[in-house]
Amino acid sequence: MFTDMHNHFVYGVDDGCADSDAMLKLLRALHEDGITTVIATSHITPGQRHFSLDDYQAHFEEAKALVEHENLQMQLYTGHEILYTDAASRYLREGKAMTLANSEYALIEFMPGEKYERLCEAAQKIRNAGYYPVFAHIERYACLSDIRKIEELADRYGVRMQVNCSLFVRKQGLFRRHWIKTVMKNELIDYVSTDTHDMPGREPMMKKCYDVLIHEYGQTAADALTHKNAQDFFS
C-alpha cells in the first residue's frame, strides 16, 4: 500500500545497511510495515566523495533477487539522496546522480545549518538542469522553521517537501508540534518516508505514521502523504 521514496536499504555504499544480511532484514521489515514500493536513495555527495555506481547497481539487483526469492510483494526502484554541492546539477545532467525512479524528480538534502539562500540556489539550479527538486527531511533545516520560506520555495521554484515518519511518531516539543500543525494546515508537506538505514535503531515506521496522520489530519491527507502524491514518480 505505502510508497517509501527515501530509503537506504542498498548495502555497502553509504551509512545504510552494512551487508547483504542486514539488507534482507530491512527489506523484510519494510514489507511487514505495509510498504509495497521502495526507492533506494543512497547518499551521494557530487564532486566531493566517490560513489560507486557499479556497486550500487550490483547490490540493488541483489536486493531485487532477494525480494523475489522471499516472495515479498514489493517493487524496488533506483535513486539517490543528493547532498547539494556546486556539482549536483552537473551530476544529474551527466547521469552520475540518479533521480527518483528515473523520473524528473531529484531528492536533495542539505546540512542542517545551511542558509536559506543556499536552498534557493539549489532549487534554481536543479530546475535549470531540467529536474524538479524534492527537499529531503525538511524538519532538519533550521532556516525552514519559518513557514513562509517553505511556501516561497514551493511557489517560486516548485520544490516538493519530504519529512520523515519519525516526525509524527516520536514525541516532539511544543515549538515543533506547532510547526507540524502549521505546515500540515497549509498543505506544505508532500511526502512522508522512512529514511530507514539499518536495524535496529532506524527501522521503518510507516504504519505508525499513517495511523497518526489519519487520527490527526484525516484519511485524505494520510493517503496523499504515504503513497498517492508519490505516484508522480512513476507516471
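The values are calculated or read from the model by the stated rules, or taken from the named source; none is laboratory data. It should be emphasised that the depicted structure is a prediction, and the values quoted were computed from it without experimental measurement. All Cβ positions, even for glycine, are placed from backbone atoms using ideal geometry, and neighbour counts span all protein chains on display.
Is the range 185-197 home to any residue that is at negative phi, part of a helix (DSSP H, G or I) and among the hydrophobic types (A, V, I, L, M, F, W, C)? No; the residues of the range 185-197 include none that is at negative phi, part of a helix (DSSP H, G or I) and among the hydrophobic types (A, V, I, L, M, F, W, C).
Scanning the range 61-80 for residues that are touching a strand residue (DSSP E or B) at 6+ places or on another chain (Cβ under 8 Å) and either surrounded by 11 or more Cβ atoms within 10 Å (Cβ to Cβ) or assigned to a helix (DSSP H, G or I) (or both) turns up Ala63, Lys64, Val67, Met74, Gln75, Leu76, Tyr77, Thr78, Gly79, His80.
Of the residues making up the range 217-232, at least one is modelled with pLDDT under 95 and in a helix (DSSP H, G or I). Figure legend. Inter-residue proximity from the range 182-201: first residues over 23 Å from Tyr217 (Cβ atoms) and modelled with pLDDT under 95, second residues surrounded by fewer than 19 Cβ atoms within 10 Å (Cβ to Cβ) and not acidic (Asp, Glu), beta-carbon distance below 8 Å, spacing 6+ or different chains. Indicated pairs: Asp198/Ala18; Asp198/Ala22; Met199/Ala22; Met199/Lys25; Met199/Ala29. Suppose the filter is of a type in the set (S, T, N, Q) and more than 19 Å from the chain's Cα centre (by Cα); does Gln57 pass it? Taking the combined requirement at face value, the residue does not satisfy it. Here Ala58 fits the description: part of a helix (DSSP H, G or I) and small (Gly, Ala, Ser).
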